[in-house]
Amino acid sequence: QTRSLLGVFEEDAAAISNYINQLFQAMHRIYDAQNELSAATHLTSKLLKEYEKQRFPLGGDDEVMTSTLQQFAKVIDELSSCHAVLSTQLADAMMFPITQFKERDLKEILTLKEVFQIASNDHDAAITRYGRLSKRRENEKIKAEVTEDVYTSRKKQHQTMMHYFCALNTLQYKKKVAMLEPLLGYMQAQISFFKMGSENLTEQLEEFLTNIGTSVQNVRREMDCEVENMQQTIEDLEVASDPLYLPDPDPTKFPVHRNLTRKAGYLNTRNKTGLVSSSWERQFYFTQGGNLMSQARGDVAGGLVMDIDNCSVMAVDCEDRRYCFQITSFDGKKSSILQAESKKDYEEWICTINNISKQIYLSENPEEIAARVNQSALEAVTPSPSFQQRHESMRPTVQSRPAARTSSTGSLGSESAALSALSLDSLVAPDTPIQFDIISPVSEDLPGQAKSSGQSGRRTNPFGESGGSKSETEDSILHQLFIVRFLGSMEVKSDESPDVVYETMRQILAARAIHNIFRMTESHLLVTCDCLKLIDPQTQVTRLRFPLPNVVLYATHQENKRLFGFVLRTSGGRAESRQTSICYIFESNNEGEKICDSVGLAKQIAFHAELDRKASEKQKEIDRVKEKQQKELNKQKQIEKDLEEQSRLIAASSRSNQSSGDGQFVVLSSSQSEDSDLGEDGKKKRESEA
């Protein structure tokens with residue numbers, strides 16, 4: 001707006017300069033050409049009459065000036081034939097004021113304009129050098145020099161700008177004086193020349209000239225008063241604006257406003273110039289409703305950059321720039337990387353765009369609602385530097401139901417209508433803490449498995465090609481590797497609906513923006529038929545392990561396909577047996593759906609493998625029962641065979657006893673008679689011998 005208004009003033013100054021030059025040439029003809037004085041005076045009268053046809057952008061009192069100049073033109077036209085020798089009077093009374101205005105005042109405007117342009121260019125160059133400061137190889141001496149350069153150039157531009165504006169404002173008064181004083185001097189010279197005895201110089205004309213002289217004095221006094229006020233304003237602004245000359249002011253003196261729903265200012269935008277090269281361009285950006293607009297210098301109006309309703313904004317690390325953040329549209333198809341000038345602007349832009357993405361600006365009191373929402377988020381979100389407390393109680397359950405595969409459009413499993421009507425509080429508790437970093441396997445237990453003596457910090461080959469001992473995932477059919485960045489995790493109250501994942505994504509992204517947590521850990525996500533693993537890309541150390549049976553829900557973001565998450569069901573801890581559900585959120589390189597498809601394929605393979613294992617165990621059990629029955633049958637047959645053999649032996653023995661029965665009877669009778677003769681003692685002896 002300031003530069004647009006400045007353009008109007010400069011256009012007015014150019015119009016004044018053009019008109020004054022014509023008027024000066026006309027008066028100069030009066031002075032130079034004594035013989036052509038009548039014609040020159042007539043031309044002057046003609047130009048005065050054409051004043052009403054001029055279009056001055058700042059012509060506030062044109063009617064008064066037009067009527068006054070019309071009356072002057074009439075008198076000058078009548079006196080054009082009477083001016084013969086007026087060179088001395090005209091040089092002092094007419095040519096000197098307009099020459100001073102033309103040579104001093106108008107040239108001062110042009111000089112200040114050039115100085116202002118040079119100061120503006122120097123400021124832009126200093127800002128560009130300041131924006132190129134590297135955060136990695138930052139030299140304090142260079143930084144101090146660049147900061148001092150920005151301070152000096154900004155102060156110079158501000159001071160030059162204020163003096164330039166003051167001269168432009170003063171020009172409006174000087175224009176009137178420079179036009180009226182030469183005419184007044186001209187008429188006074190005419191009066192003196194004709195000794196007030198000319199027929200054309202009547203008493204009424206003298207009174208008119210007196211009134212014009214009084215008006216000129218009044219205009220001059222007003223101009224002096226206005227100049228004095230502007231000088232005082234310039235001094236006050238110089239004192240008050242001194243801290244603002246620094247590109248990165250002290251945040252304690254200028255706090256960050258996090259409840260804004262509108263913001264405007266200069267930002268640097270990155271434009272790709274090749275496959276790996278890029279350039280930065282400084283433009284003026286402003287928000288208009290739910291749109292982000294930009295306007296280049298010299299443009300009449302701004303142009304649409306991006307629709308920021310339901311967009312995502314987060315800070316990013318640029319190799320050669322500080323205070324950079326990225327805005328991604330709601331569909332993920334368009335993104336823009338911008339750089340703020342200071343940390344205060346950097347945080348305010350992120351908070352403002354985050355507030356606009358929630359469509360808070362549509363309410364009656366947007367700043368009040370934004371303050372309430374941010375305060376609720378600050379109370380609800382408690383970032384923790386470690387996963388240790390969360391994972392001390394994380395032990396996987398043995399039995400778990402199959403997960404419901406969820407994409408951006410729905411889930412493969414059957415979902416009840418009541419789940420879709422759950423409120424946000426029934427999905428995620430308002431005071432649930434959020435974890436923003438990844439557990440270290442050196443100091444903390446891996447979730448879902450006991451930590452053995454040689455298992456901690458063990459390097460893992462993601463493709464199952466271990467050189468020594470056999471990897472636990474080596475027998476897995478599926479091995480798929482994805483590059484992901486961990487955003488955060490938090491405990492959820494339900495694991496039945498994909499809305500849990502969506503709400504967790506929203507809360508984690510909002511918490512990162514509110515707490516200025518912009519660092520993300522990059523890992524390799526290995527998907528197998530047994531588990532999901534987060535592997536350090538540098539050391540190949542397993543950071544986290546998620547047993548696949550415990551992954552009960554997984555989904556991608558409905559609009560931003562780079563975001564995905566899954567819910568892990570675990571036991572409550574050592575002292576209690578309740579189950580808890582934890583939702584993990586990641587960002588990928590446009591592979592969210594692929595990762596979910598891979599997890600779904602892994603669960604299907606694991607499910608079919610489990611069915612095959614159960615069928616194999618059942619078949620083995622049937623074979624064991626058959627084998628046992630066969631053994632029992634063989635044993636029964638052996639018993640029957642032994643009984644038949646014993647029966648044949650008994651039958652043979654019976655037949656041999658029948659053939660020798662009489663002899664045995666005689667022997668028995670004789671032995672009985674002997675027994676009777678032996679007595680009782682003999683019987684006992686025989687029995688013992690027998």
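The values are calculated or read from the model by the stated rules, or taken from the named source; none is laboratory data. Computed from a prediction, not measured in an experiment: that's the story for all the values here. No Cβ is skipped: glycine too gets one built from the backbone with ideal geometry, and neighbour counts run over all protein chains shown. Areas reflect the complete protein model, heavy atoms only, side chains present, ligands, DNA and RNA absent. Shrake-Rupley method; radii C 1.70, N 1.55, O 1.52, S 1.80 Å.
Worth a mention:
- Unmet criterion (only one of (1) surrounded by fewer than 21 Cβ atoms within 10 Å (Cβ to Cβ); (2) under 30 Å from residue 348 (Cα atoms)) for residue 507: (1)
- The listed residues are 359, 339, and the only one of them that is outside the structural domain of residue 502 (by the TED database), within 29 Å of residue 127 (Cβ to Cβ) and either open to solvent by 20 Å² or more (accessible area, probe 1.4 Å) or in contact with a Phe, Trp or Tyr (Cβ under 9 Å, 6 or more places away or on another chain) (or both) turns out to be 339.
- Restricting 120, 67, 134, 87 to those that are at pLDDT 85 or above and of a type in the set (Gly, Ala, Ser) reduces the list to 120.
- Looking across the range 7-18, the residues that are surrounded by 15 or more Cβ atoms within 10 Å (Cβ to Cβ) and in contact with a Leu (Cβ under 8 Å, 6 or more places away or on another chain) come down to 9, 10, 12, 13, 16, 17.
- Residues of the range 147-166 classified as hydrophobic (A, V, I, L, M, F, W, C) and buried (at least 20 other Cβ atoms within 10 Å of the Cβ), total: 1
- Single unsatisfied condition, residue 55 versus (1) modelled with pLDDT under 80; (2) under 22 Å from residue 194 (Cβ atoms); (3) open to solvent by 30 Å² or more (accessible area, probe 1.4 Å): (2)
- Annotation: of all residues in the range 315-336 being among the aromatic types (Phe, Trp, Tyr) and part of a loop (DSSP other than H, G, I, E, B), the one that is surrounded by the fewest Cβ atoms within 10 Å (Cβ to Cβ) is 330.
- Being open to solvent by 10 Å² or more (accessible area, probe 1.4 Å), assigned to a strand (DSSP E or B) and among the small types (Gly, Ala, Ser) holds for only one residue in 581, 523, and it is 581.
- Any hit, the range 251-274, residues being open to solvent by less than 40 Å² (accessible area, probe 1.4 Å), in a strand (DSSP E or B), closer than 26 Å to residue 368 by Cβ and at pLDDT 85 or above: yes
- Among (1) open to solvent by less than 50 Å² (accessible area, probe 1.4 Å); (2) at pLDDT 90 or above; (3) of a type outside the set (Lys, Arg) - the single one residue 115 does not satisfy: (1)
- Scanning the range 301-314 for residues that are touching a residue at least 60 places away in the same chain (Cβ under 8 Å) and surrounded by fewer than 18 Cβ atoms within 10 Å (Cβ to Cβ) turns up just one, 310.
- Checklist (1) among the small types (Gly, Ala, Ser); (2) at pLDDT below 90; (3) in contact with a helix residue (DSSP H, G or I) (Cβ under 6 Å, 6 or more places away or on another chain) applied to residue 153, failing item: (2)
- Only one of the listed residues (272, 263) is in contact (Cβ under 8 Å) with a residue 60 or more places away in the chain and over 29 Å from residue 87 (Cβ atoms). That residue is 263.
- Here the range 275-292 is the region considered, the condition is being open to solvent by less than 40 Å² (accessible area, probe 1.4 Å) and more than 16 Å from the chain's Cα centre (by Cα), and the residue that is farthest from residue 372 (Cα to Cα) is 283.
- Residue 503 vs. criteria modelled with pLDDT of 85 or more and either in contact with a helix residue (DSSP H, G or I) (Cβ under 6 Å, 6 or more places away or on another chain) or over 27 Å from residue 353 (Cα atoms) (or both): yes
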